[in-house]
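Engineer: Just passing along the structure, written as C-alpha cells.
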Amino acid sequence: MFNAMGAGGANAMPMPDIKTPSEVRRESVSRADEIFFNYEALHDIISRHEGTIRKRWSKKTRSQRLKILLSAWPNMPSTHRPDFDAFKKGSDSANAKGTKYRDSFMWPYINQEDLLTTKALPLLLNARGRHPPSHFAGADLQAMHFGMVTKALLPIFLNGHIMILNGIEKNDRAYGRLMAWDEHPDAFEWMTSQKQFLPGEGLMILESQERLLKGLVKCCHELLRDIPESSLTSDEFPVLPEPQLKRESEIHGFESLNIMATEAPYRLPAKLNLQCIQSLLSAKASAAQDHLWALREDPEYFASVVLESRVIASVVSEAYFPAEVFSELSLQAENLISLQNKYAADIFPSKDLPKEYSDALLRFRLYLDQAVKGPLGILKTACVASPPLRRLFAREPPLDPDSTRIVVVSKGGLKRTKVEHELLYLLSTLWDDGQNLFLASLPVVTDELERLIQSEKSAHELISPYIIGIIGDLSILSQCLNQLALYQPWARTLDNTRWKEEHNLKADYVKRTEPWGRIIGAIGDMSSFSKAASLGVPSSGKFTYPFEKRRTRENVKALRKAENNLDMFWAAIDRIMIAKAGDLSGTAVHTLLSLPRTLQRTPEWIETEKPSSVNLTKGKENGTDINAFYKPFSQIYFDVPTKQTDITQVKTKVKTRGKAQQQPAPVAEAQALEQPNPADSQPTFCVDARAHKVFRTIFFNPSTTSTPGEVPWNEFLHAMTSVGFAAIKLHGSTWQFEPTKLDVERNIQFHEPHPKGKLAFRVARNYGRRLNRAYG
C-alpha cells in the first residue's frame with residue numbers, strides 16, 4: 001500500500017495561509033452575496049419548472065447529459081467518490097498544497113458517474129433550490145472531511161474569530177458574518193463547542209456553495225434553453241406545487257441502503273434517525289439470537305457453519321459475542337429514543353444538548369467503535385483463508401518451530417486484475433484498522449466495498465458467503481456511525497466533548513462488558529474447551545440430518561442421533577460456561593438460554609399396526625405436528641424437567657412384540673408456552689401460486705406433499721412482500737424485512753444467497769423456522 005498521508009510523508013506538513021480579518025470579511029461578504037443571488041435564481045426556476053426539468057433530463061441521452069454537466073462544470077471528475085480515488089493514487093493527491101485534485105476533495109459528490117444517472121441531478125436541484133444555504137453548511141463541510149484530514153484541503157488561519165453560518169435563513173448580511181470573540185458573549189463558546197465555524201472552515205463552505213449554486217443555475221438554463229432567461233421567473237410561469245419523486249420501493253419493490261447512501265449528498269441533509277438505528281440493531285440482535293438458536297437446534301445448520309469456519313471456538317464465540325454486542329446496542333438505541341423524546345422541547349441548534357442525552361450519545365458512540373473491532377478482526381483471518389481469495393496469499397514458514405503464530409503475506413509473482421487489486425485494497429483497509437481507515441472513515445470504505453461487489457461480477461465471485469455476512473454486520477454498525485455524523489451541529493460538539501469524557505466512558509465500558517470478557521476467556525481456555533470441541537467435529541456422519549426425507553425407522557434414527565450429538569456438544573459448552581465464566585446473569589446469552597423456549601426434536605419411531613385416526617396426509621392431529629416433540633433450550637440455564645416429552649401425546653395402537661412401551665410423558669410448563677394462543681389470531685393472506693410454492697418449501701413438512709428444493713431469492717422476495725413485508729437491501733448479503741400487516745412490531749433480517757442467487761433447501765427451511773418463531 002502507500003503512505004496514508006501522501007508522497008510527502010507524515011513529516012511534510014503544509015502550513016496554512018494566514019489572512020487578516022478585513023481580508024476574510026471582504027471574501028465572505030462577496031461570496032455570500034453571490035451565493036444568495038444564485039440561490040434566489042435557482043429557487044425561482046425550480047418553483048416554476050421543476051417538473052419540466054425532471055422530464056427533460058430523463059429523456060436526454062447519456063452524451064446529451066454529459067454535455068450539459070460539462071458546460072456547467074468543466075473538467076468534472078469521471079468517477080464516483082473522486083476524493084477516495086485521488087487518495088488511493090497517492091503521489092499528488094493528499095498533503096499537497098494546491099494539489100491538482102483539490103476539486104475532487106472539495107466537491108466529491110460532483111462527478112460524472114453519479115450525476116449522469118436519472119435521479120441525482122434532479123435531487124440536487126430540488127434540495128438546493130428549495131432550502132436555504134444554511135441548511136447545508138454542516139453537510140458541505142462534512143463532505144470535505146476526507147480532504148481536510150489528509151491535508152489536501154487546508155483552511156486559512158485566523159485566530160480570535162468565528163464565522164456565522166448556522167441558523168441564517170435569508171441574505172440579511174448575517175450569513176458568513178465574521179465575528180470576533182469579544183463581539184458577543186457566546187462567541188468563544190460557539191467556537192469551542194463548534195456550533196458555528198472557524199473562519200477558514202467558513203470560507204471553504206462559502207466557496208463550495210458559491211460554485212455549486214452557480215453550476216446548478218447553469219444546468220437549468222441549458223435544460224430550458226427554449227425559454228428566454230428574462231421570462232424564466234416571470235409571471236408567465238406561475239409557481240407550481242413541488243412534484244413528488246417516486247420512492248425506490250415504488251420502482252424496484254424494495255429500498256436499498258446502497259442507493260440511499262449514494263443519493264444522500266444530493267438530498268437535504270438527513271437528521272438523526274434513531275428509529276432507523278434501533279430498527280437495524282434490534283433486527284440484528286434478533287438475527288444473532290436466531291443464529292444461536294439454530295446452532296443448538298439444527299444439526300445440519302451447525303455442521304455447515306462449522307465446516308465454513310473450520311474452528312469450533314470461533315463458531316461458539318461468533319454465536320455468543322454478536323448476541324451480546326447487538327443486544328446491548330439495541331437497548332442503548334431504545335434509551336436514546338426515550339431521551340430524545342424526553343428532551344425534545346429543549347433541543348435547539350444554538351444550545352448544548354441536555355447532559356443526560358449527550359452522555360448517552362457519547363456512550364453509544366464508544367460502544368459502536370468497540371463493536372466494529374470484532375468483525376474487522378475476523379476479516380483479517382477469514383479473508384486470507386477464504387477459498388476464493390486463498391490463492392492470492394501465502395503462509396510464511398515459522399521462524400520458531402514451536403511457535404503457533406501464523407504469518408500470511410501476499411503471494412509474490414502473481415499478477416492481479418484491476419478488480420482484485422481494488423477489492424484487496426478495500427478489504428485490507430478494513431482489516432488493518434489503521435491510518436487509512438481512520439482517514440477515509442468506515443462508512444466511506446464500506447460504501448465503496450458494497451459498490452464494487454454489486455457493480456463488478458468478478459468482485460462478487462471473490463467474496464464467500466461467510467465474508468459477505470461479516471461485511472453485512474459492518475454495514476449495520478457503519479450506518480449507525482453515519483447517522484451520528486449527520487446529527488449537525490451537535491455531531492461536531494460531541495466530537496469535541498468526547499475527548500474530555502474519554503476516561504470515564506472507557507471505565508464505564510470496561511465495567512459493563514466485564515462478563516463478555518469472561519465468556520471469551522472461557523472459550524479460550526483450551527484445557528477445558530478442547531474436549532468439548534471434539535464433540536462438535538462433524539466427522540463420521542455425526543450430524544447427518546435427513547430432514548427432507550419421509551419418516552422411516554432408519555431416517556428417524558439418523559435424525560435422533562444427530563440431534564443427540566448436537567445436544568451433547570452444547571451441554572458440554574454450557575457446563576464450561578458455568579464453571580469458567582461464572583454468573584452471567586444480565587447478559588443477553590444468559591437471558592436467551594434461560595427463557596422458557598424449546599428446541600424441536602424428533603420423537604422415537606412408533607410403528608403403527610394400521611392407519612390410525614391421525615391425518616397422515618397432513619401429518620398433523622388437531623393442528624399439531626406429529627413429527628416433533630420439544631425440549632428445553634438449555635437444561636442448565638433453565639431449570640425444567642429434563643425428560644424428553646411428546647408435545648402431541650398421540651395415542652396409537654402399537655406392536656409391542658412382548659415389550660412394554662413407555663407412554664409419552666405429559667407436557668411440561670415450558671413446552672406448554674409454545675402452544676399457539678387461540679385468542680391471538682393473525683390475519684390470513686391469500687397469495688399467488690409463486691408465493692405459495694415458496695411458503696410450502698420454507699415451511700417444509702415431510703408428511704405432506706411438500707417438495708424440498710431450492711428457492712430463488714427473487715421468489716423469496718416476492719413471497720415476503722406479498723404478505724406485507726417491506727424489504728430493504730442493506731450492505732453485504734443482508735436484507736431487512738418489516739411486517740406491515742401483522743400485529744408484531746419486530747423486523748427480521750435474512751441473508752441473500754451468495755454467490756448463487758438461490759436459497760439451498762436447508763437454508764430455506766431455517767428461514768421458515770425463524771419466521772415461525774418471530775411471527776407464528
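Just so you know, all these numbers are worked out from the coordinates, no wet-lab data involved. Model, not experiment: these values are computed from the prediction. Using ideal geometry, Cβ is built from the backbone for each residue, glycine included, and neighbour counts are taken over all protein chains shown.
Engineer: Tell me, what HN-Hα J-couplings in whole Hz come from the Karplus equation 6.51 cos²θ - 1.76 cosθ + 1.60 at θ = phi - 60° for each residue of the range 424-431, using x for Gly and Pro?
Structural biologist: Ordered by residue, 3J(HN,Hα) equals 5, 4, 5, 5, 5, 4, 6, 6 Hz.
Engineer: Any chance you could count the Lys pairs in the range 427-567 whose alpha carbons are under 23 Å apart, treating pairs 8 or more apart or on different chains as valid?
Structural biologist: Step by step, the pairs that qualify in the range 427-567 add up to 7.
Engineer: Give, in nm to one decimal, the length gained when the segment between Thr552 and Arg62 is fully stretched (0.36 nm per residue of separation minus the Cα-Cα distance).
Structural biologist: Computed gain between Thr552 and Arg62 is 170.1 nm.
Engineer: Can I ask one more? Which residues' amide hydrogens lie under 5 Å from the amide hydrogen of Leu599, considering only partners 5 or more residues apart or on another chain, with H built in the peptide plane?
Structural biologist: Counting only residues 5 or more places away or on other chains, the set is Lys631, Phe633.
Engineer: Tell me, in nm to one decimal, what length is gained between Thr684 and Glu242 on full extension, where the rule is 0.36 nm per residue of separation less the Cα-Cα distance?
Structural biologist: 155.2 nm
Engineer: Between Val407 and Ser585, what is the label-point separation in nm under the 7 Å Cα-to-beta-carbon projection?
Structural biologist: 5.0 nm
Engineer: Compute the semi-axes of the equivalent ellipsoid of the range 692-757, taking the square root of 5 times each eigenvalue of the Cα gyration tensor, and list them largest first in whole Å.
Structural biologist: For the range 692-757, the semi-axes come out at 21, 17, 9 Å.
Engineer: Determine the dipole magnitude for the range 271-517: charges of +1 sit on the beta-carbon of Lys and Arg, -1 on that of Asp and Glu, nothing else is charged, the reference point is the Cα centre, and the result goes in debye to the nearest 20.
Structural biologist: It comes to approximately 540 debye.
Engineer: Turning to a different aspect of this structure: Given the pairs Lys119/Lys693; Lys119/Lys351; Lys60/Lys214; Lys218/Lys271; Lys195/Lys271, which are separated by over 26 angstrom at their Cα positions?
Structural biologist: Lys119/Lys693; Lys119/Lys351; Lys218/Lys271
Engineer: Amide H to amide H, which residues 5 or more places from Lys758 or on other chains are under 5 Å from it, using H placed in the peptide plane?
Structural biologist: Counting only residues 5 or more places away or on other chains, the set is Trp713.
Engineer: Can you return the aspartates and glutamates within cross-link range of Lys342? Criterion is Cα-Cα under 12 Å, with same-chain partners fewer than 8 residues away left out.
Structural biologist: Hits, sequence-local ones excluded: Glu356.
Engineer: If you build the Cα gyration tensor of the range 381-460 and take the root of 5 times each eigenvalue, what three semi-axes come out, in whole angstrom, biggest first?
Structural biologist: 26, 17, 10
Engineer: A further question follows. Note down the relative contact order for the range 250-338 as a percent, whole number, built from C-alpha pairs under 8 angstrom at least six residues apart.
Structural biologist: Value for the range 250-338: 40 percent.
Engineer: Now a separate question. As an exercise, find the ratio Rg/Rh for the range 423-576 from alpha-carbon atoms, using the Kirkwood inverse-distance average for Rh.
Structural biologist: 1.12
Engineer: May I pose another question? Would you calculate the separation in nanometres between label points at Ser350 and Glu189, each defined as 7 Å from the Cα along the Cα-to-beta-carbon direction?
Structural biologist: Each label point is offset 7 Å from its Cα along the Cβ direction, giving 1.2 nm.
Engineer: Which three extents, in whole angstrom, do the alpha-carbon atoms of the range 21-245 cover along their principal axes, largest first?
Structural biologist: 52, 45, 28
Engineer: Which whole-Hz ³J(HN,Hα) couplings does the range 156-162 yield from phi under the Karplus relation 6.51 cos²θ - 1.76 cosθ + 1.60, θ = phi - 60°, glycine and proline marked x?
Structural biologist: Karplus-based 3J(HN,Hα) across the range 156-162 equals 5, 10, 8, 8, x, 9, 10 Hz.
Engineer: Non-local amide H neighbours of Glu255 (under 5 Å, H modeled in plane, Pro and chain starts lacking H): which ones?
Structural biologist: Here Ala727, Ile728, Lys729 satisfy the definition.
Engineer: Based on the mean of other beta carbon atoms within 10 Å per residue, what is the order of 509-520, 264-275, most packed first?
Structural biologist: So the order, starting with the most tightly packed, is 264-275, 509-520.
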